[in-house]
1. With each pseudo-label sitting 7 Å past Cα toward Cβ, what's the LYS95-MET48 distance in nm, one decimal?
2. Arranged from highest to lowest average of other beta-carbon atoms within 10 Å per residue, in what order do the peptides 50-63, 183-196, 204-217 appear?
3. For the stretch 94-232, take every pair of Cα atoms, bin their distances at 10 Å starting from 0, and report each bin as a whole percent.
4. Mind listing the long-range amide H neighbours of ARG96? Cut-off is under 5 Å, sequence gap 5 or more, other chains count too, H placed in the peptide plane at 1.01 Å from N.
5. What does the extension gain come out to for ILE110 and GLN77, with contour length at 0.36 nm per residue minus their alpha carbon separation?
6. Quick one: length gained pulling SER205 to LYS229 fully straight, 0.36 nm per residue minus the C-alpha distance?
7. What FRET efficiency would be calculated for the residue pair ASP181, ARG119, taking the C-beta separation as r and a Förster radius of 25 Å, to the nearest 0.05?
8. Hey, got the dipole for the stretch 96-195? About the Cα centre, +1 on K and R Cβ, -1 on D and E Cβ, debye to the nearest 20?
Amino acid sequence: MYLLRKMFSSESTEEQEGDGAAAADMEGNKDSSKESQGTDTHHTSPSMAMRVMIASFRKKFPTVKGVNTEVVQKWFQQGAASKNLQGGQTDDVDKRKLVIVDARPENEYIISHLPGAIRIEFTTEDKNYIVREIQDSIKDEEKRLPKTIIMYCSLGYRSSILADKLQKAIESKGAENDLSDAEIYNMEGGIFKWANEGAPMVDVSGTPTKSAHPFNVVFGKLLDHSLRKDKL
């Protein structure tokens with residue numbers, strides 16, 4: 001974190017420190033940006049800070065699998081996920097129900113979120129509640145499909161915590177739940193990277209928007225200045 005503090009040395013001591021979640025969150029953002037570099041000319045070039053963040057999150061949460069924003073965008077376009085993390089075309093054999101979970105608090109979610117995302121705060125301690133909320137979000141006719149669950153937050157720290165909780169909840173229930181076959185991923189770079197790439201988002205009313213909540217003064221620097229919005 002010394003590198004990150006140096007990068008934001010113009011901020012106050014309080015802003016530099018932030019909290020543990022924010023610091024880790026920022027780390028997730030950096031690495032996912034690195035993966036996106038060169039894949040699409042309109043994408044924002046990844047910053048060093050975001051790469052460091054993502055690498056740090058991977059190290060802190062070694063059991064949580066990551067997926068980059070470009071793959072998630074392709075899955076969105078296809079209307080289904082697959083086990084192909086390169087984002088290739090999904091065929092009927094590999095078709096998976098895509099479930100998007102926003103791990104942020106309501107004040108961030110209402111500004112913008114991924115279309116169709118349900119919200120479950122990362123601070124939720126009731127693991128059974130997490131499982132139920134995800135199960136209830138899936139239509140009856142889609143429950144038979146294998147699932148791919150994407151967790152995200154601002155950068156990836158809070159969603160990694162939630163993904164870890166869900167994994168443990170599923171493991172404790174064994175094969176006795178509808179999510180036993182689920183693939184769980186943390187979207188590296190979070191909604192900051194997603195927004196920087198111009199990917200689709202909606203506000204609380206369902207209206208398309210390009211803005212995202214900046215989380216705080218320091219970590220919000222990883223979100224393009226023109227996209228920052230903390231109030232409706």
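Coordinate-derived values only; no laboratory data. The structure displayed is predicted, hence computed values, not measured ones. Quick reminder, even Gly has a Cβ in these numbers, built from the backbone with ideal geometry, and neighbours come from all protein chains shown.
1. 4.7 nm
2. The packing order, highest mean first, is 183-196, 50-63, 204-217.
3. The calculated distribution, bin by bin, is 13, 43, 31, 12, 1.
4. Correct list: ALA81.
5. In short, 9.6 nm is gained.
6. My answer for the length gained is 7.1 nm.
7. Plugging the Cβ-Cβ distance into 1/(1 + (r/R0)^6) gives 0.60.
8. So the dipole magnitude of the stretch 96-195 works out to roughly 180 debye.
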